[in-house]
Protein chains: 2
Amino acid sequence: MKAPRQSDVARLAGVSQSAVSRVVSGDIDRIPAETQERIRAAVKELGYVPNAAARNLRNKRNRLLGVHTFEAVFPHAREDFYFEFLLGIEERAEEIGYDLVLFTSTGTSDGRRRIYRNGTNRLNLADGTVLLGAATDREELARLWHDGYLFVHIGRREVADAEIPCIIPDYVSAADRLVTSLAERGHQHFAYLHSGIDQEAYADRRAGYRAAIERLGLHDRSPGFRGEPELTEEWLDELASGPETAVVAETVGLAEQLRTGLAVRGLSIPADLSVAVLEGPGNEAGHRWDCLVVPRKEIGRIAIDALVARVENPDEEPVSRLVACELVAGETVAAPPQSKE
Amino acid sequence: MKAPRQSDVARLAGVSQSAVSRVVSGDIDRIPAETQERIRAAVKELGYVPNAAARNLRNKRNRLLGVHTFEAVFPHAREDFYFEFLLGIEERAEEIGYDLVLFTSTGTSDGRRRIYRNGTNRLNLADGTVLLGAATDREELARLWHDGYLFVHIGRREVADAEIPCIIPDYVSAADRLVTSLAERGHQHFAYLHSGIDQEAYADRRAGYRAAIERLGLHDRSPGFRGEPELTEEWLDELASGPETAVVAETVGLAEQLRTGLAVRGLSIPADLSVAVLEGPGNEAGHRWDCLVVPRKEIGRIAIDALVARVENPDEEPVSRLVACELVAGETVAAPPQSKE
DNA sequence: CCAGAGTGCTCATACGTATGAACGTGCAGC
DNA sequence: GCTGCACGTTCATACGTATGAGCACTCTGG
C-alpha cells in the first residue's frame with residue numbers, strides 16, 4: 001500500500017508527470033480545462049497527496065515554524081511564563097497556515113535544552129524559529145546568529161557581536177508611564193523596591209523609572225534603587241517616617257512583603273502609601289495590585305509575524321520590536337494622604 | 001549564506017559525499033577512526049546540519065512526530081482536556097529524542113481542523129502522528145487509515161471498515177471496580193445518572209457499571225440508565241423514597257445537581273446517599289467527589305511509545321491499548337445509612 | 001506562403017541524502 | 001605468483017517534486 005506519486009497519476013491520466021505537478025500546484029496557465037479535469041479525476045481516484053518532504057526539498061520552504069524553549073513547555077505551562085506566549089504563537093501560526101515544530105529532541109539529561117548538540121542543529125528543519133526562555137544561552141544564540149539562521153527571540157537578549165532580533169515588552173515606557181500616572185495623582189516622593197535578582201531582566205524598568213523621576217523633577221531616595229539590600233527593618237522604618245507616598249515594586253512578591261511590613265507599623269495601602277508593581281498579575285487571585293500587563297499573547301503573535309516576514313522575504317532586515325505594555329488599575333494606588341501633601 | 005551540504009563537508013575533508021553521509025548517520029563499520037575524525041572536524045567547522053527534508057525523502061524517517069488536535073491546543077489548555085495528554089507527549093518525545101510537529105496549518109475558518117485540505121495531507125511530513133480530540137472526524141480517520149498513514153488515536157474511536165489503533169482509558173474496568181468498591185461498603189441498591197449527551201463517550205463506563213451490577217447481583221432501577229430524562233423532580237422524589245443508597249454519576253456536573261436536589265429534600269451526601277463520579281475531578285476545587293482518574297499524562301506517554309514502536313518497526317501490528325484508571329477516594333462515599341441496611 | 005505568436009504539452013534537471021554495488025589496494029596463504 | 005579476502009572509499013542511483021527550456025503544432029496577419 002504505497003502512496004501514489006505524481007507519476008502514477010500521470011500514467012492514469014495519460015499525461016506527463018510535469019503536467020500533473022502543474023495542475024496540483026496551480027500553475028495551470030497553459031493547461032486546458034479538459035486536461036485539468038482528467039488529471040484531477042485521476043488524482044481523486046488514486047487518492048494522491050503531495051509528498052511534503054519532496055516539496056520541501058525542492059522548494060526550500062516548509063511552512064514550518066520552530067518553537068524552541070530552553071525548558072519543557074507543557075510541564076510548567078499552567079502557571080507558567082511561557083503559556084500565554086504560546087497561545088499567541090499557535091493562534092497566529094494557524095491563521096496564516098503554518099505548522100509549528102516543538103523542538104523537544106534537543107533535551108539533555110539535566111533538563112536543559114540546547115540548540116546545538118554534538119554539532120547538530122535540528123532547528124534548521126523549520127523555516128525559522130521563535131526562541132523563548134529566560135535562561136536562553138548566550139553562546140548558542142551567538143552561534144545561531146553567526147550561522148545566519150532565521151529566528152526571533154522573545155524578550156530582550158543582548159549578545160556581543162550579534163544583533164539578535166527580539167520582541168521586547170516596552171518596559172521603559174511602561175515604567176515611565178506608571179510613575180507619570182502616580183505623579184498625576186499628586187505623588188512627589190517615591191521609593192523603588194528592587195528585586196536584587198536578575199539584573200538584566202529589570203534594567204529597562206529601572207531605566208524607565210529613573211527617566212520619569214528625573215523628567216518630572218520627582219524625589220527618590222530609596223536605598224533599594226541604589227543597590228543596597230531592601231525591605232530591611234531599617235528601610236521600612238525609614239519609609240514609614242519619610243516623606244515618600246508612593247512605592248514602585250519590581251515584583252508582586254516584594255509588594256506583598258511590603259504590605260505586611262507596613263501593617264506592622266500601622267500603615268495601610270493605599271491609604272497611607274500607594275504601591276504599584278512593575279510586573280503583571282500572577283494567577284493567584286490575591287490583592288489587586290496596580291501593575292503593568294505584558295501582552296504575552298500579542299507578543300507571541302508579533303513574533304510569528306516578524307519571523308514569517310523574514311521567511312517570506314529573506315531580504316527583510318532583522319529588527320527588534322518593542323511592544324507596548326498596558327497599565328492596569330488595581331486597588332493599591334490612591335492620592336497621597338493629606339498629612340503628607 | 002547557504003546551509004552547507006554533505007558535499008561541502010566532503011570537499012573540505014577530502015573525501016566523498018557518501019563517506020560523509022556514512023559518518024553523520026553512524027554507518028561507520030568500515031571507516032577508520034582517523035577519517036571519521038577528519039570528517040567530524042569538517043562538519044563542525046562548516047556547521048553542517050542534515051537536511052531533514054532530503055533525509056525524509058530518502059528514508060521515510062524524520063524523528064518527527066505529529067500532534068494533531070481537532071481544535072486549537074493552547075487556547076483552551078489551562079483547564080482543558082488536552083493539556084495533560086500533551087504533557088506526557090512532550091515529556092516522552094523529549095526522552096526518546098523526537099521532535100513534535102503541531103499541526104496547526106490545517107485550520108479552517110470555522111475553527112475546526114481537518115487533516116485533508118484541498119487534497120493535501122500535511123501530516124505525512126511527520127513519521128507518524130498522535131491524534132486527539134473528542135470531535136475527531138470519522139471520515140478523515142477512515143481515509144487516513146486507508147491511506148496507510150501511521151497514527152494512534154487517544155481515546156476510543158470506532159470507524160467502520162477501519163481498525164483505528166487507540167489508546168483508551170479502561171473505563172469498563174474502572175466503572176466495574178467503582179461499583180465493586182461501593183458494594184464492598186455494603187451498598188446493594190444503585191442508581192445511575194447518565195449525561196444524555198455523547199452516547200459513545202460513556203458507552204464503556206455504562207458497560208462496566210452494568211457488568212458489575214449483574215455480576216454482583218446488585219439492584220439498579222434508575223430511570224436515567226434506561227435512557228429517560230434524569231434528574232427530574234419525579235426522579236429525585238423516587239430516589240429519596242426508594243431503597244437506593246448509592247448513585248453513580250457520569251459527570252461532576254450531574255453530581256452537583258444531585259447534591260442540591262437532595263438537599264432540598266433534606267438528604268445529604270454521603271450520610272444518606274453515597275455518590276461516586278465516573279470522570280476525573282476538574283480543576284475547580286469544589287467538593288471532593290469519589291471518582292476515577294484518567295491518567296492523561298501517562299496516556300500521552302503511552303501514545304508516543306505505541307507510535308514510535310510502529311515507526312521504528314513497520315511490521316509491528318497496530319493495536320489498541322487499554323490504560324488502567326485509578327479510583328480516588330473523596331468525601332462522598334460512606335456506608336449505607338443504617339435505616340436502609 | 002511565411003514570419004511570428006500563441007497553445008499544449010514534455011524533457012531534463014536539481015534539490016540533499018542514503019546505500020548497495022563496485023573498485024582498488026595491500027596482504028596472507030598456498 | 002596467483003587467489004582470496006578484508007579494508008577503505010567511491011560510484012551511481014533513487015526518493016518525489018517543481019520548473020525553465022524546448023518542441024510540435026495551430027492560427028493570424030501581411
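Side notes on the structure shown:
- Odd one out for B:R143, checked against (1) within 12 Å of chain A (Cβ to nearest Cβ); (2) at pLDDT 80 or above; (3) outside any helix (DSSP H, G or I): (3)
- Taking the criterion of being more than 10 Å from DNA strand C (Cβ to nearest atom), surrounded by fewer than 16 Cβ atoms within 10 Å (Cβ to Cβ) and on the phi < 0 side of the Ramachandran plot, the residues of region A:12-56 that qualify are A:S25, A:E37, A:A41, A:K44, A:E45.
- Residues located in region A:29-43, provided they are at pLDDT below 90 and not acidic (D, E): A:R30
- Condition met for B:A42 (more than 9 Å from chain A (Cβ to nearest Cβ) and hydrophobic (A, V, I, L, M, F, W, C)): yes
- Restricting region B:1-11 to residues that are of a type in the set (D, E, K, R) and out of contact with any helix residue (DSSP H, G or I) (no Cβ under 7 Å at 6 or more places or on another chain), the residue that is nearest to DNA strand C (Cβ to nearest atom) is B:R5.
- Hits in region B:75-123 (condition: farther than 20 Å from A:R92 by Cβ, at the interface with chain A (Cβ under 7 Å from one of its Cβ atoms) and modelled with pLDDT under 75): B:G119, B:T120, B:N121
- Where A:V49 falls short, out of the listed (1) within 11 Å of DNA strand D (Cβ to nearest atom); (2) more than 12 Å from every other protein chain (Cβ to nearest Cβ): (2)
- Residue in region B:127-137 that is at pLDDT below 85 and β-branched (V, I, T) present: yes
- When A:K60 is tested against (1) at pLDDT below 90; (2) within 8 Å of DNA strand C (Cβ to nearest atom); (3) over 30 Å from A:E91 (Cβ atoms), only condition (3) is not met.
The values are calculated or read from the model by the stated rules, or taken from the named source; none is laboratory data. Note that this is a predicted model, so its numbers are computed, not measured. Every residue, glycine as well, gets a Cβ built from its backbone with ideal geometry; the counts of neighbours run over all protein chains shown.
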